[in-house]
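Here's the structure, in structure tokens; my notes come after.
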Amino acid sequence: MNPSTDPDRLGLYYALFLLDLVLHALVFMARVSAISPPLKKRLIQKMNYLFLTTIYVSVCALMCYGTYIFLNFPQTDQILTSHPSINLSMLWTGHSGTIIFTGFGFVICLSGCFMTSNIILVFKYSRFTIHLSQNTRLMHEQLTRVSFLQFTFLFFTCQLPFILAVVISASFGDNFGWLATSLGVLTNFHYSGNCLLVLAFTKFYREWLKNFFRQKVLKLCIWMETRNLRRRRQEYGLLEANQDVEPSKHKPPPSMPILPTIIFLMSMFIFIIVVLGYATTEKTAINDLISRRLMENIDVDNIKNYLRELTKEPHVAGTDENRRVAEAIARIWTENGLEGVHFNSYNVLLNYPVWEKPNTLKIHKGFETFYQTNGTEPMILPDEQGDPFAGIQWLAWSPPGQVTGDIVFCNEARDSDFQTLKELEINVTGKIALIRYGTGFRGDKVKRAQHEGATAVLLYSDPAEVAAEGIDEDKVYPHTAWMPHEGVQRGSIIHGMFGDPLTPVLPSKPGIYRSRDIEQAKLDGILPSIPALPISYTTAFEIMKRMNGPLAPKDWQGGLKLDYRLGPGLDNDAKVTLEVHSIYETKTINNVLGYIKGAEEPDRFVILGNHYDAWVYGSLDPNSGTAILAEIANSFTKTIKETSWRPARTIFFAAWDAEEYSLIGSTEFVEEYLQMLQQRAVTYINMDCIHDNKTLTLATTPSLHDVVIQAAKRIPNPSKEEQQQGRPTLYDTWYHYYPDEKYKHRPWMKIPSGNSDQAPFQNFAGIPVIDFAFKNNSPIDYPLYHSMYETPFLNEHLVDWDNFAIHLATGKLWIELARSFSESEILPINHLALAEAIIDDYIPPVQQAVNSIKPFDQSAEAAIVQLSDQVHHVQQMSLTFKETILEFTAKFSKAKNRFERRSINDRIMAVDRCFINPVGMLGAPQSRHVLFSLNVLNASKSVETFLEDAKISARQISIVHYSILCATNAVKEFF
């Protein structure tokens, strides 16, 4: 709506204009009344009062009428939005720029008329002004006649143009706003000088200040004299007990009038409160304005274009194709205005299939083959899936090899699953383990199977998880987002380590010693020693329909239309042979880095990250996030160009390489820049990919719960269906599908795991992290996860068909979190929540685990008592930590300047670093975060083993105790 056609806004405009006229008339009369009657008569006679008034009203009317005509000009919106020299599109309302000219015109009118009237007065009556300046005594005598009300009114009226000018300027920081501020400041200085002059020479206040202390002293003397006189008269019997002495003849000076003084002091107090309150409200209003502008500047079409450009071909880490994607990201970021865009490279060990020789499986008896795979996923959409090597079915880090043997069905290969097999007397040793993906990390599944003696592993996705509506052609891809018949999930099967497996803890740079080789990594259990292969549920059906052995437990049955059996062996003594072709190579990987330099604290980093390498095309994982991150960079730089705003802290953009293998790019980066990150990084915000379209899911540390909740409440719900259900924001749907069962007032947020690039920042460097995504409301990942069918068709038509509404909402949340951390004067990290989480959520399970251990001799009993005592000390230290944090938080509002706020923020950042153990946990040097890495011992059959484990656990608990003590001391001002 054009504000000039809105009766309410137009009426308000004219009401302010009329108020301006009245105020100026009253101020002018107040100034004239300060002069004695002879001078007043002389002044009025010599000045053409009517002439001045006519000029004054004419100027105001012309300004008002000109503004009104401009607002009603048909091409106003086009002029405001298209002319390159007018940066006035940043508004309170978010509509066209016309409302700014209303306020701008008013301020120019107000300030201009002030200046015009004063210039005319000074110019026309300069002789009178000189005469007054030369006759100080006369001026003093005349100015003492100004009344209290006249002075108060004059003082507060002269502040009006200044306040209004600052409001306009702060609301849109462009050149017009600064011009208005300058005029307001000049006017304010002129009239404030007059008011201070009046105050200095006002006889009433001069006399009151002069006699104030004398009055108090005199009253005290009178009281003491009266008391002594009364006592003496009573001693001589000259005064009865209830008789008072005669009042003193001393007459104190007249006291200060109560009512005018109270009015003056209250007016001053209100004025100060209004100004201070406006300063706070101004900051909030600017933040809200910037937040809206950043979100509005996210262009969905750009996200679509970036996504298609980044997913033209498969791009596995270390390949030429992935190098081209990195170059495309760097070019896009540079075009979008990021500074310092460059590659951050490392030489690391990677593993690949032999692209010309697909991995195969066959069911056979001797030379008779019953079933055989070709080792590839079939092409379904040639325009998007035409690469000849895209369909290769493989698992990274699998060693090459050919294995023939019997099959044992191991369900999801959990410890409990293998325990069930042992109870049923089914031996996995020497067999091929058939494992269902289900839940849990595939690398852990292969590790357990290898530990149980399996010779090879087959991993398949069960229709119960990836084709829940059925496996008919019209119920799977490309008609729906469910897995087609020959689809497989690729992925890494490394175990227990992040980064380059040959350079643990150190960055894989030239000259860095490789402390492991491939064979040592296998011996250490980092790399698997047995071949592993992903297969489709069609291939799994062919195996399972031939399976021998007892029926699998009821909760092991799946979505294939047959009875699941455990094996071992197949009908007719058939065997399964799998053949895996793979090679290990040292390759160069390239992280892409860029930044927007902060305006106030450029050495404080808010890091936004996503990886760009994919197993195939990667339109969801990860390049939905890559495309969104590129557009976030564009929105930031576009907002900076359109306004005078710039984030206070530096915002870093990171596109990580080789994440899919084992978080290699981000881990090597953290290892290289550890000290800088621990000193300067405020937070790391990770968004790996969009999984689905139902709801937000988020993992973070307790200290960041509040900031993510507030950000989610600001994002409109991207689902029209959810909006119709009465859930208007992103937060509402999140809270609906994932309520926290313990803390009813908030959604459930888990502690971040090692599933993406946030892990090295949190677990190795102690930097608070946020990892979020959109997904469905089930524990299973999206059906086409890591398949070749992750191409733009999936994003546009099956997952986010409503014009990329989910991609847009993801970008809005990401950019709002970045803005919050970059702009907040006090970092939005709530360590009180961390202290409460330690007390309520962390210590009780540890205490329970210790209490559950049954002593079996005197030494074991002593060890348990020692552990329990240590846990008690940790609990007491945690309570002290909470009390210290409460005292520390109370100081936030008292920070008066940026140096004090910087000091507070430094201490906030230091708390998280205290929970990093530099040497890591025993046998896991990369697991350095003591709160998320502690394992309490279990009772062992061997006394020696139990006592050794007890010593290890006691040391771990002591480290936790020390970390909490460190955090407590970190927030103190002094020792």
ask   = Expressed as a rounded percentage, what relative contact order does the range 506-594 have, with Cα pairs under 8 Å and six or more residues apart?
value = 21
Aspartates and glutamates with Cα under 14 Å of Lys638, excluding same-chain neighbours fewer than 8 positions away = Glu296, Asp299, Glu335, Glu339
query = At Glu296 and Ala833, where each label point lies 7 Å from the Cα along Cα→Cβ, what is the point-to-point distance in nanometres?
reply = 3.0
request  = Beyond 24 Å between alpha-carbons counts as too far, so tell me which of Lys304/Lys812; Lys304/Lys475; Lys365/Lys545 fall in that bin.
outcome  = Lys304/Lys475
key: Per residue accessible area in Å² of the range 450-536, where ligands, DNA and RNA are left out and the probe is 1.4 Å   = 38
inquiry  = Between Lys750 and Glu368, what's the calculated FRET efficiency when r is the beta-carbon distance and R0 is 60 Å? Round to 0.05.
reply    = 0.75
note = For Ala773, the residues 5 or more places away or on another chain with a placed amide H closer than 5 Å to its own amide H are Thr697
task = Please go through the range 420-500 and write out the GluC sites (Glu not before Pro) that DSSP classes as loop and that have at most 12 other C-beta atoms within 10 Å.
result = Glu425, Glu469
Selection of GluC sites (Glu not before Pro), the range 718-813, meeting DSSP coil and at most 10 other Cβ within 10 Å = Glu741
key: Computed label-point distance, nm, for sites Phe974 and Glu335 using a 7 Å Cα→Cβ extension   = 5.9
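Using 1/(1 + (r/R0)^6) with R0 = 25 angstrom and r between the beta carbons of Ser958 and Leu886, what's the FRET efficiency to the nearest 0.05?
0.45
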Taking the C-alpha atoms of the range 393-447, convex hull volume expressed per residue in Å³ = 97
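Tell me, in nm to one decimal, what length is gained between Lys575 and Gln724 on full extension, where the rule is 0.36 nm per residue of separation less the Cα-Cα distance?
Here the answer is 48.1 nm.
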key: Filtered trypsin sites (Lys or Arg not before Pro), the range 550-600: DSSP coil and at most 16 other beta carbons within 10 Å   = Lys561, Lys597
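Looking only at Cα atoms, what is the convex hull volume of the range 568-676 per residue, in Å³?
That works out to 163 Å³ per residue.
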task = Return an integer: the convex hull volume of the alpha-carbon atoms of the range 289-332, in Å³ per residue.
result = 82
ask   = At a 1.4 Å probe radius, carbon and sulfur cover how many percent of the accessible area of the range 521-653?
value = 46
request  = Please give the FRET efficiency for Lys561 paired with Ala468, using the beta carbon to beta carbon distance and R0 = 22 Å, rounded to the nearest 0.05.
outcome  = 0.95
key: Hz values of 3J(HN,Hα) by residue in the range 562-577 - Karplus curve (6.51, -1.76, 1.60), Gly and Pro given as x   = 6, 7, 7, 10, 8, x, x, x, 10, 4, 6, 6, 5, 10, 10, 10
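Could you work out how much longer the chain between Gln876 and His479 gets when fully extended? Use 0.36 nm per residue separation minus the Cα distance between them, nm to one decimal.
137.0 nm
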key: Extension reserve of the Asn287-Glu356 stretch, reckoned as 0.36 nm per residue once the Cα distance is removed   = 19.3 nm
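The values are calculated or read from the model by the stated rules, or taken from the named source; none is laboratory data. Not measured: the values here are computed from a predicted model. Every residue, glycine as well, gets a Cβ built from its backbone with ideal geometry; the counts of neighbours run over all protein chains shown. Protein only, heavy atoms only, side chains kept; ligands, DNA and RNA dropped before computing areas. Shrake-Rupley method; radii C 1.70, N 1.55, O 1.52, S 1.80 Å.
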